[in-house]
Amino acid sequence: ITQKGGNPMEKIKKQFRVLLIIFVAVGMLGIGGPFTSDSFADSHYTTKDLNEQLVMGTLWVQTSAEFRALCYQSFNLAKMNLDAFLASYSGSKKVAISVDVDETLIDNSVYQAFLIGNDFGYSSKTWGPWQSSGLATPYPGSIEFLNYAKLRGVEVFYITNIKMQYYEPASKKLKAMGFPFIDKKHLLFRTDTSDKQPRRDIVEKDYVLSLFLGDNLNDFLSVFRKKPVDARSAEVDKIREEWGKRFIVFPNPMYGDWEGAVYNGNWGASPAEKDQMRKDHLRRWNYQP
């Protein structure tokens, strides 16, 4: 098609080239350095996109009978081990159990599901109202086991990284569910550090800790804290005889320090960077059909 004044398609192409040059120039002058295809992709991969990766893990917790079976299995194992410990213990200290709360006794998967479809992650802005929502539920077998421990004369210490600002709603929730020893002596919430060892040390002045229950390796020993993936696995191997005996781990595919290890501790990475680091840690089959 031609008209007086030249080919209109050529004019459109020239205008497009000018706009492209301006667009690239603006990108080069912008904060954060020169514009690249990677930075363009990074800016378009959002927390909402990253939250889509929560679907399968959260779905597994909420719907799989396997998850329930693992909970019962863990508490059955804890009961057997506690009985065995009490049968052989001859020390003078009182006997106690150390337990984590979230994703060990309490199911918060409804909160995780809430994040899916939203363009934000975990924050105190939403976690506070969640604590008061009344929608969290106890893990199968959790209440029965801890009350069994109480009947055996064993005290329970809840060593959790729930912050002290949530003490009232969290303690009220635990008490309403029927967990024993819900008081300020036995609820050891996070104050100045997420390291649980100082709180375990306080308990061990007067008690012998017969069992540790948790979903995160920091619930057992501080040696796992802030270490990369391979180092955490190596530390697990060093005490392989403890797992299933004194240390009982609950499944949590939704979040935890294992995720921070994938990021090398860089929780402030962008959604696109986190997505890439997650995928970089996958071991893949390179078969070409």
Practice prompt. Heavy atoms only, probe 1.4 angstrom, no DNA, RNA or ligands counted: give me LYS238, LYS48, LYS227 ranked by accessible area, highest first.
Written response: LYS238, LYS48, LYS227
Worksheet item: Tell me, what HN-Hα J-couplings in whole Hz come from the Karplus equation 6.51 cos²θ - 1.76 cosθ + 1.60 at θ = phi - 60° for each residue of region 275-283, using x for Gly and Pro?
Response: 4, 5, 5, 4, 6, 5, 8, 6, 8
Practice prompt. Take the Cα atoms of region 167-289, find their three principal axes, and give me the spread along each one in whole Å, biggest first.
Written response: 59, 35, 28
Fill in: region 52-205: radius of gyration over Cα atoms, expressed as a fraction of 2.2 N^0.38 Å
1.12
Discussion item. With a 1.4 Å probe and all protein chains left in place, how much accessible area per residue does the chain have, in Å²?
Written reply: 59
Item to complete: With an 8 Å cut-off on Cα pairs and a minimum separation of 6 or more residues, tell me the relative contact order of the chain in percent.
Response: 23
Item to complete: Go through region 161-178 residue by residue and turn each phi into a ³J(HN,Hα) via Karplus (6.51, -1.76, 1.60, θ = phi - 60°); whole Hz please, and just put x for glycine and proline.
Response: 9, 5, 6, 4, 5, 9, 4, 4, x, 5, 5, 4, 5, 4, 5, 5, 6, x
Item to complete: Out of all DSSP beta bridges with both ends in the chain, state the antiparallel percent to the nearest 5.
Response: 15
Worksheet item: Hey, any idea what % of the chain's accessible area is carbon plus sulfur with a 1.4 Å probe?
Response: 58
Fill in: Convex hull volume per residue for region 220-263, taking Cα atoms only, in Å³
72
Worksheet item: Can you work out ³J(HN,Hα) from phi for every residue in region 109-118, in order, using Karplus 6.51 cos²θ - 1.76 cosθ + 1.60 and θ = phi - 60°, giving whole Hz and x for Gly and Pro?
Response: 5, 5, 5, 4, 5, 4, 5, 5, x, 10
Worksheet, complete the sentence: Mean projected area, convex hull of alpha-carbon positions in region 127-171, reported to one decimal in nm², is 3.8
Worksheet entry | Expected 222 nm ellipticity per residue - DSSP helices of 4 or more, -39500 (n - 2.57), all of the chain, to 500 | -14500 deg cm²/dmol
Fill in: Cα-derived Rg over Rh, computed across the chain with Rh taken as Kirkwood radius
1.15
Practice prompt. Mind putting together the pair-distance distribution for region 154-221? All Cα pairs, 5 Å bins, whole percent per bin, short to long.
Written response: 3, 16, 28, 27, 20, 6
Item to complete: Just add up the charged neighbours of VAL229: K/R +1, D/E -1, any other residue whose Cβ is under 15 Å from the Cβ of VAL229.
Response: +2
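The values are calculated or read from the model by the stated rules, or taken from the named source; none is laboratory data. Everything numeric here is computed off the predicted structure, so don't read it as measured data. Note: ideal-geometry Cβ built from the backbone for every residue, glycine included; neighbour counts use all protein chains shown. Side chains are part of the model used for accessible areas, which takes the heavy atoms of the whole protein and leaves out ligands, DNA and RNA. Shrake-Rupley method; radii C 1.70, N 1.55, O 1.52, S 1.80 Å.
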